[in-house]
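Each remark here refers to the structure printed beneath this line.
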Amino acid sequence: MTAVYDTIGINYAALRQPDPRIAATIANALGAARTVVNVGAGTGSYEPGDREVTAVEPSIEMIRKRPATAAPAVQASADELPFDDKVFDAAMAILTIHHWPDKAKGLRELRRVTRGPIILLTFDPAQRPWLTDYLPELAALDERNMPRLDAYADWLGPVRIEPVPVPHDCTDGFLYAYWRRPEAYLDARIRSGSSSFWSIGGLDAGLSRLADDLASGEWDRRYGHLRAMDQYDAGYRLVIAD
């Protein structure tokens, strides 16, 4: 079995440290669930330590990067979960659905194996964080890969959708985490922690313009108000299907 993170997960464990504030939001959504399946689990970010977690991850390289204290992991794909029906109290899938080859089938599988809530952390492709002004390819990528928010009810039935604000000092280096730290996007190592930067080409012109605007003060003239904010709605959403 091959998976995208077999190739791009080089710095993932170091750059994608779970943010405790986002972790608290996810834990609260899981409610009283004691057994949880985490699909697209990666290196174990956001897996609650006070519950019985079973991780599912297609990339063997990501599984190898999971710490010894992490939950046991099964190498499998979201659209073919190797579990019986209704064996878990809850399911979670964190910033992963855009990688699934068959999103509808994967979500049906989560519903099949879960008797309680399904918690998804995803991104609203209708949103346009400031980085897309420099790299419009990111917006196009989001539109191609991220399901529209109204699709989740079609797949899962009634859902609640809640915004997940990104803290200014977020420890998890996902794509738009550095909204108040624009200089970070000029660092190739920082960019390597987000699959989106591996998926698009032609970055040089946009990054050069960002560097010029930071040096000249143009970025601060346009977006400097963000530097005074503690958190920001970058478009991340928690989808909860009870």
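Which values, in whole Å and largest first, are the semi-axes of the equivalent ellipsoid of segment 5-241 obtained as the square root of 5 times each eigenvalue of the Cα gyration tensor?
Gyration-tensor ellipsoid for segment 5-241: 31, 18, 17 Å.
Mind sorting Met62, Met229, Met146, Met92 by how few other Cβ atoms lie within 10 Å of their own Cβ, fewest first?
Fewest-to-most Cβ neighbours within 10 Å comes out as Met229, Met146, Met62, Met92.
Just to be sure I understand: with springs between alpha-carbon atoms less than 10 Å apart, which residue in Arg180, Arg111, Arg222 has the highest mean-square fluctuation in the Gaussian network model of the chain?
Sorting by GNM fluctuation, first place goes to Arg222.
Provide the percentage of antiparallel DSSP beta bridges, counting only those with both residues in segment 5-241; round to the nearest 5.
45 percent
Calculate how steeply helix 20-30 sits against the longest principal axis of the alpha-carbon atoms of the chain, using the helix alpha-carbon long axis, and give the answer as 0 to 90 degrees to the nearest 10.
Around 30 degrees separate the two axes.
Taking N as the number of residues in segment 45-103, what is its alpha-carbon radius of gyration divided by 2.2 N^0.38 Å?
1.13
Once the dipole of the chain is set up with Lys and Arg at +1 and Asp and Glu at -1 on Cβ about the Cα centre, which of Pro182, Pro20, Leu207 lies farthest towards its positive end?
Pro20
Among Glu109, Glu218, Glu162, what is the fewest-to-most ranking by other Cβ atoms within 10 Å?
Taking fewest neighbouring Cβ atoms as first place, the list is Glu162, Glu218, Glu109.
Roughly what would the spin-label model give for Arg108 and Asp85, points 7 Å off Cα along C-beta, in nm?
Simple spin-label model gives 1.4 nm for this pair.
May I ask which residue of Pro67, Leu95, Ala78 lies farthest towards the positive end of the charge dipole of segment 43-102, with charges of +1 (Lys, Arg) and -1 (Asp, Glu) on Cβ and the Cα centre as origin?
Pro67
Is the shape of segment 125-242 rounded, prolate or oblate, going by the alpha carbon gyration tensor and its root eigenvalues a ≥ b ≥ c, with a/c under 1.5 for rounded and a/b larger than b/c for prolate?
Cα axes put segment 125-242 in the prolate bin.
Which of rounded, prolate, oblate describes segment 1-135, given a ≥ b ≥ c as roots of the alpha-carbon gyration tensor eigenvalues and a/c under 1.5 marking rounded, otherwise prolate only if a/b is larger than b/c?
Judged from the Cα gyration tensor, segment 1-135 comes out rounded (a/c under 1.5).
Using Cα atoms only, what is the angle between the long axis of helix 136-145 and the major principal axis of the chain, expressed in degrees (0 to 90) to the nearest 10?
10 degrees
Could you list Thr35, Thr54 in order of exposure, starting from the residue whose Cβ has the fewest other Cβ atoms within 10 Å?
The fewest-first ordering by Cβ neighbours comes to Thr35, Thr54.
Within straight cross-link reach of Lys103, meaning Cα distance under 16 Å, which aspartates and glutamates are found once same-chain residues fewer than 8 apart are removed?
Glu57, Asp79, Glu80, Asp124, Asp142, Glu143, Asp150, Asp154
How large is the charge dipole for the chain, taken about the Cα centre, if only the Cβ atoms of Lys, Arg (+1) and Asp, Glu (-1) carry charge, to the nearest 20 debye?
That gives the chain a dipole magnitude of about 260 debye.
Read-outs: derived from the displayed coordinates by stated rules, not from any lab. All of these numbers come straight from a predicted model, not from anything done at the bench. Backbone-built Cβ (ideal geometry, glycine too); neighbour counts: all protein chains shown.
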